[in-house]
1. Looking at (1) among the hydroxyl-bearing types (Ser, Thr, Tyr); (2) part of a loop (DSSP other than H, G, I, E, B); (3) open to solvent by less than 10 Å² (accessible area, probe 1.4 Å), which is the one condition that is false for B:Tyr238?
2. If you go through region A:594-601 one residue at a time, do you hit one that is charged (D, E, K, R), within 30 Å of B:Gln265 (Cβ to Cβ) and either assigned to a loop (DSSP other than H, G, I, E, B) or at pLDDT 90 or above (or both)?
3. Considering only region A:509-522, state which residues are under 24 Å from the mean Cα position of the chain (by Cα) and part of a helix (DSSP H, G or I).
4. Among (1) assigned to a loop (DSSP other than H, G, I, E, B); (2) of a type in the set (D, E, K, R); (3) more than 57 Å from the chain's Cα centre (by Cα); (4) more than 13 Å from every other protein chain (Cβ to nearest Cβ), where does A:Arg791 come up short?
5. Give all pairs with beta carbons closer than 7 Å in which a residue from region B:78-96 that is closer than 11 Å to B:Leu133 by Cβ and within 11 Å of chain A (Cβ to nearest Cβ) meets a residue that is open to solvent by 80 Å² or more (accessible area, probe 1.4 Å) and not hydroxyl-bearing (Ser, Thr, Tyr); count only pairs at least 6 apart in sequence or on separate chains.
6. Filter region A:610-645 down to the residues that are touching a residue at least 40 places away in the same chain (Cβ under 8 Å), at the interface with chain B (Cβ under 8 Å from one of its Cβ atoms) and crowded, with 18+ Cβ neighbours inside 10 Å and list them by number.
7. Filter region B:246-258 for residues that are at the interface with chain A (Cβ under 7 Å from one of its Cβ atoms) and among the hydroxyl-bearing types (Ser, Thr, Tyr); which is surrounded by the fewest Cβ atoms within 10 Å (Cβ to Cβ)?
8. Just to verify a result, which residue in region B:227-245, among those that are free of Cβ contacts under 8 Å to residues at least 40 places away in the same chain and at the interface with another protein chain (Cβ under 10 Å from one of its Cβ atoms), is farthest from A:Thr715 (Cα to Cα)?
Amino acid sequence: MDEYDELFEIQDDFEDQFADELEVMAQMEAESPKPGKRQKQGPGDDISDIEHLLSEQPTTPKAKRQKQEVGVVKRLFNSSQIHDSEAPSHGEDITPPSSPEQYDHLQTVRSAPAVLDISGFDTIPESPRRPPTAAVSLHVLKRPPLEGDYISVTDSSGSRVYLRQKEDTGAKVVESRMVPNSLGSLGLLAVPIGVLREAEADRRHQQVVEESQRLTELLTSSVNDVLVETESREEEEDGDPEDSEGRSSRLWVDRFSPRHYTELLSDDFTNRCLLKWLKLWDTVVFGKERKTRPVRSDRQAPNQNSSKPNQANQNPNRFKTKVELTEEILEAELDQYKRPKFKVALLSGPPGLGKTTLAHIIAKHAGYNVVEINASDDRSADVFQKRIDTATQMKSVLGANERPNCLIIDEIDGAPTAAINILLATLNKKDSGEAGAESGKKKKKKESLLLRPIICICNDLYVPALRPLRQQAFLLNFPQTQPSRLAQRLAEVSLRQGMKVDTGTLMSLCEKTDNDIRSCINTLQFLHSRGHKQLNAKTIQCVSVGQKDQNKGFFHLWQEIFQLPRTKRKRIGEGFNEAPGSGGGAQRFQNILHLASSSGEYEKVSQGLYENYLSMRVRDPNLHTTCDALDWLGFSDRLNHVIMHGQNFSLMRYLPFLSVTFHFLFAHTHVPRISYPHSQQEASSRLLSSRNALISMLADIPPSIRARISQLKLTLDTLTLLLDIICPKLRPVNPQLFSSREKEQMHELIDTMLAYNLSYRQDRTPEGQYTYVLEPRIEEVVRFPGLPPRRQLTYQAKQTISREMEQEKMRRAEQLMLQRNPVAKREEKKDARPTTTRNHQQRLENIVKQTTVETRPEVDFFGRAVAPKPLRASDSGEKCPVLAMGKAVGNSDVWFRFNEGMSNAVRRNVYIRELL
Amino acid sequence: MSLWVDKYRPTSLGKLDYHKDQASQLKNLVQCGDFPHLLVYGPSGAGKKTRIMCLLRELYGAGVEKLRIEHQTIVAPSKKKIEINTIASNYHLEVNPSDAGNQDRVVIQELIKTVAQSQQIQSSTQREFKVVLLTEVDRLTKDAQHALRRTMEKYMATCRLILYSNSTSKVIGPIRSRCLAIRVPLPSTEEVCNVLTSVCKKEGLLLPPELAKQISEKSGRNLRKALLMCEACRVQQYPFSVDQDVPETDWEAYLRETANAIVSQQSPQRLLEVRARLYELLTHCIPPDIIMKGLVRELLNNCDGHLKTEVAHMAAYYEHRLQLGNKAIYHLEAFTAKFMAIYKKFMEDGLDAMMF
């Protein structure tokens, strides 16, 4: 009958609902030879006749619609025919002789004339009944017809319809019926036809009564729904058809989701905060004055939360400051565009607490039209941009919901960073400066400004991509739902679905699902559909659904593994009904396995186990436990290797058993002190750094030696001894004073160091002392802590070596150059001397020039050349002293240069004339 | 060229100091004008590389000693760039594919194949084949070894491979069967002593035979180590004295201390300490199998009788698992814990027997 219901509920108007009832009537009418007799049997008895309806059908304008209905009715009759065929067998005691076959035969024969009437239709037995329904719907009127007889029909809910009456064609039908009957009368019936008809009519009547009862029930139940689903009438009507459609197929979660603010299960403080925030937008969105808002919301909040007034104050100590902070935000001034300071609300919390529901309901409550973007949509940057723009800047002009939009971005923690950046850009959009805003008023430039509230929802607030958004958003963290409230709601739900559940059971369900509303209701529905009409705590525990596949922190998991469950702790999965000894092991096993497999990160978990197991307080004198544990670690390591190497991920399922083993090996009643595993990370980074040191050392070793050493040989054999070898005993004296033996030794040392790419680099310690360190830093690679320190060279020795090495390097480089282009080098050497002399000369010449420049023609004050004076002759005769001196400087072998400043050289007065 | 190891390394087959039979055999091999792929293996410090270089010199003349380092960049199919250093002369190419880590297969496929495919231009003056020297073959992944199989056969005409490894156990069978395996064993103590004395003579030093013996024993007949030790001794103190302290590598000392720590106490706390030491060894680039080997050697000194076999058996078991797994520390610690358990039981049994 599911199909029946479903189809039934597609039609939403009254006529359609009653169509089948009426139709049944019509059919009976058609079947019965005496129409008059029918009249008492049902409310809509003697309504219509086939002929008339048939004739009318083609003229109806809504042919398509009718066809649909016809189809529906046909389906309906399929089911009713099942009844038909069933009915005789049931009613055999009453009318034993009529067999179903006969009956069918009768029917088909009867239908024959109808086929003639409707030429276009198939000759399936139902076909004659099709037209009546279509027609009946036409003849069911909401108000009394203007002419002709009518019958009023009233259902139990009080709505009344009017059915038009027709009288004349009944005989015709009878006549048409008579033909097959007369044909059939060739074979004798065991029972007189009259009795048969009598029985058939009774059966029909009964069926109709049943049907109408059922309909009444349905109607009343839907009315109840209407009553329950409080005020907002138009919303109700929107929801109603959807609600009634697929009643059984829909999830309870959706059906029983709150429709109104008062029905919200989530924490009242959170609800109120979000609502207040949304109300802050009223000024800009609805143009309301802000003054009214706080009054209204304040009044509203206590009123609506009257059921649990003290919710927000329940844990006053811990969250006091946070609460105050939030309140402060909500009381904060609006910005220059009259928007609240935080333009986005960011709801965060674990799944199943009703974040999305809350956002939707509050947005509706505040008078917004909800536009939702969630993970199912494409969230690439441009699509996101488009959708944000559409949602925040446009408004539906047509249609019923002319309310402003409120954008809800669900599951924002999964959005790509680019999308979140776009959201941020939208938030921070400025109105092209103040002046621009003034002038742009008429240009509607303001469109770019965000003027609609945006609510974002996420599970994990600390996703890196959300970091910038966090600073700009009004953060609201969702606390856990109160188990008592949740249980109460669950009780309502189960009551309405006819399940018998006591509160204790529901509480345990809440505990099992960690107060996840969705999960609770889904579990209930699952159990309901499985036929559990009565639930107890045991069923809840045994059932494997409902347990949330969540991951708790690593520390929680490690703690669970290393700690024995306390007996009085009523954990789900550790049956407290059973004796602790009997099934405890298995339960613990399952519990740990579940925890470990839901955490997923086996690598990290096993590292934590490895780091911590040795510090557990377990009596293990023979170290067998430790050996077992390590064997398991080795096994899991091997598994990991196989999984990673061969991509054989089906083996992954064996990894969580490591945790189970550790639990059974090391669990203890004490609270374990667990430290976070760092050592492997540290080890790998140190390994990397020492590798790098070796690689950098190897990189510049000349190939002749490079060919003979590898990294491995270096670490295993060479390096330690090499470090010893490069620390010879050196006399702390100037290398010039070394004996030839020592010089040779020094030379060898430098040779070795150069060959192995080692050098000393001056470094400054944090204390400010200078030291020479070996570069690359291979000392760290080969030296182990706790061993007797090796002999170190003194600072002076290292300095000497370093200096000598530099010289040696230079020498070698020069040699190399010389080798590469010996000719050029030699030429250069030849040139070297002449060029220097030339330089010297040049400079001197410059000096001479400078001095000789003085001998240009003299000019007077006005720039005219002064006529040679008699003085000149004498000048030229005895030579200008300056000129003479300049020439002397240029030409003589002796020259001097005056350097400014002071020198420590021996001083002596020297006159120029002495030099000349 | 100043370390004695480098300075006095023989450069031709005729000048080799020990395993002279093998040297002459190699010489004969080359003089035939052709030789098969070689797989040279043997413990570290036995002179494998020296032998190979001598062989190449015998083949191509002194030209092989003009080496250069080439930085090659190979692009893996996954577009990842692999940089690898090769040492090459005009006649040969030396690669350590395991430098590329897990991508060594690509190195084999790309680099070696290109070398193998290219023909020698002046075939009149040269041999008609090049030599590719692959070092640390035992660290090659299986994939890379399989990639090598076909290359070895296909380009036989233009290329000979000399594979070079410490042991053949990790070289797959098909490759072993394609090569002429040459094992270079460690020199005997006398041979090491002889080499040490002759080197010292060349240096103009006088090495007392007792010290030479001590060095050769301490070095475990690893000639490279022995020479380095000898030189370190020389740096420490010249006129050599007989009872001179021979320096050793730090990691060995550290490992020995670790082993002593294991033997002296068996408890979870001690195991934690040992773990820290093992980490220390691992981070100093000491390969885990060598740690395992060293540990077993040190531990066996402290065991007696049938305990030795048991310990050796356990060591083999955990060493195998070590090779199969990724995380060396687990297996090393597992071995340590197992040894502790066995040893403790043994000691307690011994104590019981004493008491009754």
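1. The one condition B:Tyr238 does not meet is (3).
2. no
3. Residues satisfying the conditions are A:Ile517, A:Arg518, A:Ser519, A:Cys520, A:Ile521, A:Asn522.
4. Every condition holds for A:Arg791 apart from (4).
5. B:Ala88/B:Arg68; B:Ser89/B:Lys66
6. If the condition is that a residue be touching a residue at least 40 places away in the same chain (Cβ under 8 Å), at the interface with chain B (Cβ under 8 Å from one of its Cβ atoms) and crowded, with 18+ Cβ neighbours inside 10 Å, then A:Tyr610 is the only one that fits.
7. The extreme case among them is B:Tyr254.
8. Once the filter is applied, the top-ranked residue is B:Tyr238.
The values are calculated or read from the model by the stated rules, or taken from the named source; none is laboratory data. Here the structure is a predicted model, which means the values were calculated and not measured. Virtual Cβ from ideal backbone geometry, glycine too; neighbours counted across all protein chains shown. What goes into the accessible areas is simple: the full protein's heavy atoms, side chains included, and nothing from ligands, DNA or RNA. Shrake-Rupley method; radii C 1.70, N 1.55, O 1.52, S 1.80 Å.
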